[in-house]
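For reference, the structure discussed in these notes is given below.
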Amino acid sequence: MPPSRYNATMQTRSMIEGWITVDPTVCHGKPVIRGTRIMVSNILSLLAGGYTIAQILDYYPELSEEAIKAALEYAIQVVGEEEVVLRGTS
């Protein structure tokens, strides 16, 4: 049986808080992997560009698979809170 939504949300929040940090003095306040200057957006860009987790770990050996997953979870949380308004195309 899958975990309850509350437990899954709490686990996700805990994972994100453990790995992702925002500090106005680091990378202009962009979310980064804690203890690094590797921005969440860099990880997402690599994934969008077709890199695998293994390739990202080769590129950034200071990361872990868990840190990359936390970056994805962070993005899911941010996008889930956004209201997107699509404009009609002409």
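What is the Cα radius of gyration of the stretch 33-84 over 2.2 N^0.38 Å, N being its residue count?
For the stretch 33-84, the normalised Cα radius of gyration is 1.14.
Among 26, 79, 40, rank each residue by its count of other Cβ atoms within 10 Å, from fewest to most, as a rough exposure measure.
79, 26, 40
Coordinate-derived values only; no laboratory data. Nothing here was measured: the structure is a model prediction, and the numbers come from that model. We place every Cβ from the backbone using ideal geometry, glycine too, and count neighbours over all the protein chains shown.
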